[in-house]
Amino acid sequence: MYPSLHILGSRQFGGADQFYVRLLGALHEAGQRVVAVNRAGSPVAEALKTSSIEQAHLPLANQWDLWSIWRIRELVARWQPCIVQTYMGRATRLTRLPSKMKAVHIARLGGYYKIDGYYRHAHAWVGNTRGICDYLVRSGLPAERVFHIGNFVPEPAVFSRLELQALRDEHDIPKDAFVLFALGRLIGKKGFDDLLHAFAKLPAESNGRPLILLIAGDGPAAGLLKTLSERLQISPRVRWLGWQRPDPFYAAADLFVCPSRHEPLGNVILEAWNYRLPVVSTATDGALELIEPERTGLLAPCGNPAGLAAQLRAVIVLSDTERSALGEAGHAFLRSRFSREAVVGTYLELYRRLMAERGC
């Protein structure tokens, strides 16, 4: 059993950070000896506390953190890992392994990030979409060292009818409401202002069911978005949930909406499919790679509230059977391409291949 170090410098708990926690747990359960290197007190450090995964904490500062560079080298010398995997730019930039070390440095990317100064010095690169992998090759990285491995989502939680009714009662959601759910940081590129404008174009009810929009998340645009919902006169039909464990809301919703203007992958689409929800998304790079229009979901132009409203309306007026078919098709695609077993198996195979090349 060979050790692997996994380094993440974020203080957030977004999609990449949550995937870091999921992947390390899955590798650990698969028999991999895993050491998590992250920032003390960060959400990922707290999330891993309940596991038996070993952790080491470093500052991993934004600047050229020479102390963390030195400490990473010290940890590699102490643990003698065969694999050092870094996540996002900060951790990758600060991981500078001496050439005499046999450890393989794999940089994992979930976005179209700046390569020079951050990523070029790694030994191999993993992109979680084919579009990102193509971007890496176009940026001059050797194609034979660039690998596509997607994300996986956890098994869906099961909620009783009483639990879901309690959730509706807590958030003042009428029993017969048709519930639209959206999730993410409340920042410009996530397109929540477009979603509010689109929702304002929808009728207050459909087939006798009031339309209610749930938005989970928080961020610097929260105040502006709430003001916008009041100006659009839809605030009585919008529920601002703040940061929440999203699973019960996926389970309680009738439709998931991803209104982003930019999304390299779109973990939330995978999570919605995990709960067999029909999905309407804007046509971001990630959504275009994931969604087969009219079969696994519907696509709307980015930054176009009228187009988004039209696609939302198209799903809302479907029969229950037709909406269910959209969600089931998305779920089947998820299970065939993004299962935990497939993703972890691909990582382990990549580790074996690269270790053999380095003689580790």
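The values are calculated or read from the model by the stated rules, or taken from the named source; none is laboratory data. Everything numeric in this text was worked out from a predicted model, so none of it was measured. Cβ: placed from backbone, ideal geometry, glycine included. Neighbour counts: every protein chain shown.
Has segment 204-227 got any residue that is of a type in the set (D, E, K, R), out of contact with any helix residue (DSSP H, G or I) (no Cβ under 9 Å at 6 or more places or on another chain), surrounded by fewer than 19 Cβ atoms within 10 Å (Cβ to Cβ) and within 24 Å of residue 302 (Cβ to Cβ)? Scanning segment 204-227, I find at least one residue that is of a type in the set (D, E, K, R), out of contact with any helix residue (DSSP H, G or I) (no Cβ under 9 Å at 6 or more places or on another chain), surrounded by fewer than 19 Cβ atoms within 10 Å (Cβ to Cβ) and within 24 Å of residue 302 (Cβ to Cβ), so the answer is yes.
Closer than 22 Å to residue 129 by Cβ, crowded, with 20+ Cβ neighbours inside 10 Å and not assigned by TED's automatic domain parsing to the domain that holds residue 243: is that true of residue 48 in this structure? Taking the combined requirement at face value, the residue does not satisfy it. When you check residue 136 against the structure, is it buried (at least 20 other Cβ atoms within 10 Å of the Cβ) and in contact (Cβ under 8 Å) with a residue 40 or more places away in the chain, yes or no? It is false that residue 136 is buried (at least 20 other Cβ atoms within 10 Å of the Cβ) and in contact (Cβ under 8 Å) with a residue 40 or more places away in the chain.
In segment 1-29, of all residues being modelled with pLDDT under 95 and in a loop (DSSP other than H, G, I, E, B), the one that is nearest to the chain's Cα centre (by Cα) corresponds to 14. All of 223, 219, 131 fail the test of being in contact (Cβ under 8 Å) with a residue 40 or more places away in the chain and not in a strand (DSSP E or B), apart from 131.
Given the structure, is residue 75 touching a His at 6+ places or on another chain (Cβ under 6 Å) and part of a helix (DSSP H, G or I)? No, not satisfied.
Return yes or no: is residue 184 modelled with pLDDT under 95, touching a helix residue (DSSP H, G or I) at 6+ places or on another chain (Cβ under 7 Å) and either outside the structural domain of residue 271 (by TED's automatic domain parsing) or small (Gly, Ala, Ser) (or both)? For residue 184, the condition - modelled with pLDDT under 95, touching a helix residue (DSSP H, G or I) at 6+ places or on another chain (Cβ under 7 Å) and either outside the structural domain of residue 271 (by TED's automatic domain parsing) or small (Gly, Ala, Ser) (or both) - is met. Of all the residues in segment 88-118, those that are more than 21 Å from residue 37 (Cα to Cα) and assigned to a helix (DSSP H, G or I) number 0. Every condition in (1) crowded, with 24+ Cβ neighbours inside 10 Å; (2) part of a helix (DSSP H, G or I) holds for residue 280 except the one numbered (2).
Out of curiosity, is residue 286 within 23 Å of residue 199 (Cβ to Cβ), assigned by TED's automatic domain parsing to the domain that holds residue 199 and more than 24 Å from the chain's Cα centre (by Cα)? No: the conditions fail for residue 286. Cβ-Cβ contacts under 6 Å between residues 6 or more apart (or on different chains), taken from a first residue in segment 181-197 that is under 15 Å from residue 213 (Cα atoms) to a second residue that is modelled with pLDDT of 95 or more and β-branched (Val, Ile, Thr), are listed as 182/215; 182/257.
Here 124, 221 are screened, and the one residue that is assigned by TED's automatic domain parsing to the domain that holds residue 308 and either under 21 Å from residue 280 (Cβ atoms) or at pLDDT 95 or above (or both) is 221.
For (1) farther than 24 Å from residue 5 by Cα; (2) surrounded by fewer than 17 Cβ atoms within 10 Å (Cβ to Cβ); (3) among the acidic types (Asp, Glu), each residue gets a yes or a no:
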residue	(1), (2), (3)
96	no, yes, no
99	no, yes, no
127	no, no, no
150	no, no, no
154	no, yes, no
169	yes, yes, yes
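Within segment 173-196, the residues that satisfy the criterion of being within 18 Å of residue 304 (Cα to Cα) and surrounded by fewer than 18 Cβ atoms within 10 Å (Cβ to Cβ) are 187, 188, 189. Residue count for segment 243-273, restricted to those that are closer than 14 Å to residue 185 by Cβ and at pLDDT below 95: 8.
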